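These notes concern the structure reproduced below.
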Amino acid sequence: MENHEKKCKMRNIITIAIFSLMMINCKGQEKKDTITIKNFKKDTMEYFHENRYNDWKLDKENSNINHKRYIKDKNWVTIYFGKEGYTEQIQQIDSPYEEYKYYHKNTLLKAKVVRFYGFPIGHNKEYDEYGKLINEINYDEPYKFSVGDLIAKIQHEFGIGLVNDYRSSEAVNFYVTRWTGYTSKFLYYQTNVPFYQVKFLNKKNEWIYLEISGIDGSIITEQVNGKYLIPKGYNPEQKGNPNEKNKSFSFLASPEEKGDYQKPELGAIYTEGSKVPEGTYQIYEGRAYTKAEWEAFHKSLPWWKRIM
C-alpha cells in the first residue's frame, strides 16, 4: 500500500511538471507572437490624419463628397477619398512644385511623389500596407543635367525664373516637361539622350520654345514665336527642315505651325478665388470641368491620379 501511494504521488508530480512545461511553452509562444506583431519593423511610420488640418480653412466651394480642399496662408491641400485609400495633394500658390502623398486604406503611407510642372522628380519610395519598402524609383537618374541646372540656365540665359516668375494665375505662360528621348535616329537628335522641353513668354512678350539636353544642358532646338533658330551645324537644305510647311515635328508647336487640327482641351480655365463657371462638376489643376468633361478627362489620367 505504501509503495502504491508513493507511485501515485510520483505520477502526480510528473503530471504537474509536464503541464507546467506546456504552460510555459504556450506563454513563451504567445509572447513571441506578440513581439512579432507589435514590434514588426516598418520602413515608414507616416500615417494619414485629416485632423492635422483642423486649424486650416475648409474651402467649401471647392470641396465635395469625393474630396476636400483646405487653405492656410499661401498653402492649400486637397484630400481625395478613393476606393483604394487616400491622397493628399499639397500645393503652394505661385509655385510650380507640388507634392502627392498616397495612403493605403489602413492610413499607412503608400508613396510620396514631388512634382515640378507636373512631372515627377527626385527619389520615390513605395511601401506595402504593412509599411515595408517594396519599390524605389529615382526619377532623376537619366538626367545628369538636373532640374536645378535647368532653372539656373533659363534664368541666366533668358532672364526668366521658372520658379520665381511663375504665377498660378498665369500658369499658361509656362510649360516644362522632360522625357528620355528618341530610341532611333531622327533628324539631328542623338538616340537615347533625354531632354527637357520648355515653353515660356519672355519679357518681350515673345513665345520661346526650347529643347535642352538632359545630359549636358546644351540647347537642341530653339524657337521664337514658332520660327526656328537653326541649331549650329544643321543644314537647312536637308530633308525635314523644321521651317518647311507642315514639317514641324515638335509637340510644342501650335496647330497653325503643324498645319493640322488638335482636339481642344477639356474644361474651362479657372483661377483660384475667381467665380466658379456655371455647371462645374470638378475643379482640377486650374481647369473647371462639367460632369461629362470630367468623366472623359478622368479616363485619360495615369493610374496614380485616377485613384485620387
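Taken together, the values in this text are just the output of simple stated rules run on the coordinates, not laboratory data. Quantities reported herein were computed from a predicted structural model and do not represent experimental measurements. We place every Cβ from the backbone using ideal geometry, glycine too, and count neighbours over all the protein chains shown.
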Tell me the relative contact order for region 50-141 as a rounded percent, counting alpha carbon contacts under 8 Å between residues six or more apart. 14 percent
How big is Rg to Rh over region 73-214, alpha-carbon atoms, Rh as the Kirkwood inverse-mean-distance radius? 1.03
Three-way shape call for region 50-141 based on the alpha-carbon gyration tensor, with the a/c threshold at 1.5: oblate
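Ranked highest first by the average count of other Cβ atoms within 10 Å around their residues, in what order do 50-62, 152-164, 210-222 fall?
210-222, 152-164, 50-62
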Between region 179-200 and region 56-131, the alpha-carbon center distance in angstrom: 31 Å
Multiply the residue gap between GLU136 and PHE297 by 0.36 nm, knock off their C-alpha separation, and tell me the result in nm, one decimal place. 55.1 nm
Pull out the extension gain between VAL224 and GLU170, defined as 0.36 nm times the separation in residues minus the alpha carbon to alpha carbon distance; nm, one decimal. 17.5 nm
GLU84/SER63 FRET efficiency (R0 22 Å; Cβ-Cβ; nearest 0.05): 0.60
Could you sort out which of LYS105/LYS125; LYS125/LYS291; LYS68/LYS199; LYS101/LYS132; LYS83/LYS199; LYS199/LYS291 sit more than 25 Å apart by Cα distance in this structure? LYS125/LYS291; LYS68/LYS199; LYS83/LYS199; LYS199/LYS291
